[in-house]
Structure formats: C-alpha cells, structure tokens
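Below is one structure; the comments refer to it alone.
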Amino acid sequence: FLALGVGAWSAAVFHFMIHAFFKALLFLAAGVVILVLNEEHDIFKMGGLRKKMPVVFITFLIGSASLSALPLITAGFYSKDAILWYSISSETGSTLLWIAGITGAFLTALYSFRMIFITFFGEAKTQPAFLPGKMMTIPLIILAVLSVIGGFVELPQSIGEIHLFSNLVYNTLPAVVVKESGHSEILFQAISAIIVLAGIYLAYTVYLKKPALSESFNHSRLNKFFEKGWGFDKLYDVIFVKPVVWLSEIDKNDIFDWLNIGISRLVLLTNRLRD
C-alpha cells in the first residue's frame, strides 16, 4: 500500500508476488510446528526444534529472512527495497514515508527472528508427537526456493539490469515518476540493510544470547499494554459494543418486536387450527 500510495505500481505488484512465497511458506511451516506439537500455539512453550526438524527449521529461517528483507540473498530484499526507495525518491514520496517504511522493516526483522530464536533454539519445552513427512516438507522446500530466487527477476538499478517484472507491468500500468532529488539508491539500500541486520542482531541478543534482558520487559506494564492490543479492544467495547447492547436492552419490546411476535403467534395459531 505504501508503494501504491507513491505511484510505484510495479513495486507494489512485485512485492505482492514475493510476499505470496514467503508468507505461504511461513504459514505452512507454522502449521507444521503446531501440528507436530499437539496443537500447541504458544511459542514460549516450544524451543529446541532446530535439530529435531531441520528441514522445517531451514525453510522457516529462509521465510523469515525473506520477510525481513535480508540483504542480497532473499527475494524479500529486492521487493521491499524497491518500495523503500520509491517511498522517498518518487514525486509523491517523502522522508516521513521512508522513515515509516524503514521503521516497519526494523520491527519486522526483530519480531521474525524473535520467533525463530524462541521456537527453534534453546531448551525444548514440548516434545514433537511425530516428525513431519515429505508431504509436509516438500511444499516448504519449493516455497523456500522461490523465497530466495523469486527476487532476481527484478534487480535495482544500482545492482543490475534485470527488470523483467517491471517491463511486463509497464505494459498495463504507468511507470513511477522519480524526482530529481540527488538521493543515491545504493546509499539507501545500505541503510536499509544495516537497519534490518540491526533488528536481527537485537533479536539474537535479547532472545537467545542474553534472554534475561527480555524478562524484565515481559513483566512490565508496557508489555502488558502491548499484549492487550494497545487498549483498542477495550476502546472498541466502550464506544461500540456497550452502546449497542444498551440500545438493544431498552428497545427490546418496541413495536417491531410486537409485530414479529404477533406474526409468529398468528402462524402458530393457524397451524394448530389446521390440525
């Protein structure tokens, strides 16, 4: 949507395609993990699955790396990089939009590898009931391959001259208009790569190397606030649910209810008369 907002149609559709590869991979891999752990959904009750399910681990790692846009070697990097670049370089882009996008990229890398380190590393808290077979692992492998090589159909200008995807899209959608700002694409690629790697390193430090660092945060009021969805559920309940329930209670015996009740009683009466 960020790409669409700045007129980068080809970048939007390109990321939509790459997104299908790594997101399908992550959902399927998560389903495999849940299934072999007897429907356990809590990642904090998992751990230690790296050696027990190596194929699932490696494919999950590839999917998370592509989602996080790990530089150069994942398809997600090439599709995300295009969006971040156009968010600042297009005529309708801005520094604020780029900052919002790069902040999202950092958080994505952080939470994705937090999931990896908690689920597949450390102590095994729940033992697998069985090991996944080929019917489960082969689709993961196919999607993992696509999550790596899928991005090479569209390389940034600073890296190569392969633009197969945008050439196809430009036949039906207009090209993005880039402003003369003097920004260096390769510089912004480097910044993006550093920020993504920083998010991965932070996840490694806090959730694997020094897990004690996350303990104080897990019990903090701020984390409780996050776990409760920033209070949106409570706000929604106060603004929408309770007023509707209140109106329903005071309005439950209005003329429309009488009409419905009267019709139902009339139908019941005529049914009994027929008998």
remark   = With Cα coordinates, the longest principal axis of the chain makes an angle with the long axis of helix 9-36, in degrees rounded to 10, of 70 degrees
remark   = Of GLY31, GLY48, GLY229, the most mobile residue in a GNM of the chain (C-alpha springs, cutoff 10 Å) is GLY229
inquiry  = For volume of the Cα convex hull per residue in Å³, pick the label among (1) 263; (2) 121; (3) 149 that corresponds to the value derived from the coordinates.
reply    = (1)
Fluctuation leader among GLU40, GLU91, GLU227 - the chain, Gaussian network, Cα springs under 10 angstrom = GLU227
ask   = Normalised by the number of residues in segment 1-95, what is the relative contact order in percent for Cα pairs under 8 Å and 6+ residues apart?
value = 40 percent
query = Which residues make up the longest stretch of the chain clear of trypsin sites (Lys or Arg not before Pro) that lie in a DSSP loop with no more than 16 other Cβ atoms within 10 Å, not counting the sites?
reply = 53-124
key: Farthest positive-ward along the chain dipole, Cα basis, beta-carbon charges - from ASN223, LEU4, LEU70   = ASN223
inquiry  = What is the angle, in °, between the Cα long axis of helix 185-204 and the longest principal axis of the Cα atoms in the chain? Nearest 10 is fine, range 0 to 90.
reply    = 60 degrees
message = Just want to confirm a number: the relative contact order over the chain, from Cα pairs under 8 angstrom separated by 6+ residues, in percent.
response = 25 percent
ask   = Once both axes come from the Cα atoms, what is the angle between helix 134-149 and the longest principal axis of the chain, in degrees from 0 to 90, rounded to 10?
value = 50 degrees
task = Would you pull out the residues with amide H under 5 Å of THR74's amide H, same chain only if 5 or more places away, H placed 1.01 Å from N?
result = none
query = Do any of LYS45/LYS228; LYS52/LYS125; LYS125/LYS224; LYS80/LYS228 go past 18 Å between their Cα atoms, and which?
reply = LYS45/LYS228; LYS125/LYS224; LYS80/LYS228
query = Taking square-rooted eigenvalues a ≥ b ≥ c of the alpha carbon gyration tensor, is segment 10-135 rounded, prolate or oblate, where a/c under 1.5 means rounded and, failing that, a/b exceeding b/c means prolate?
reply = prolate
key: Where the chain is the region considered: accessible area per residue in Å², 1.4 Å probe   = 60 Å²
message = Mean-square fluctuation check for the chain, GNM, Cα pairs under 10 Å: which of LEU247, LEU97, LEU140 is largest?
response = LEU247
query = Given a Förster distance of 25 angstrom, what is the FRET efficiency for GLU123 paired with TYR201, based on the Cβ-Cβ distance and rounded to 0.05?
reply = 0.65
inquiry  = For the full complex of protein chains and a 1.4 angstrom probe, list ASP233, ASP81 by accessible area with the highest value first.
reply    = ASP233, ASP81
query = From the Cα gyration tensor of segment 197-247, with a ≥ b ≥ c the square roots of its eigenvalues, which class applies: rounded if a/c is under 1.5, or else prolate if a/b is larger than b/c, or else oblate?
reply = prolate
query = Around SER90, which amide H atoms from residues at least 5 apart in sequence, or from another chain, sit under 5 Å from its own amide H, with H modelled in the peptide plane?
reply = LYS179
task = Determine the shape class of segment 106-145: with a ≥ b ≥ c the square roots of the Cα gyration tensor eigenvalues, call it rounded for a/c under 1.5, and otherwise prolate if a/b is greater than b/c, oblate otherwise.
result = oblate
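The values are calculated or read from the model by the stated rules, or taken from the named source; none is laboratory data. Just so it is clear, the model here is predicted, and its values are computed rather than measured. Here Cβ is always computed from backbone atoms with ideal geometry, including for glycine, and neighbour counts include all displayed protein chains. Accessible surface is based on the protein model in full, side chains and every heavy atom, while ligands, DNA and RNA are left aside. Shrake-Rupley method; radii C 1.70, N 1.55, O 1.52, S 1.80 Å.
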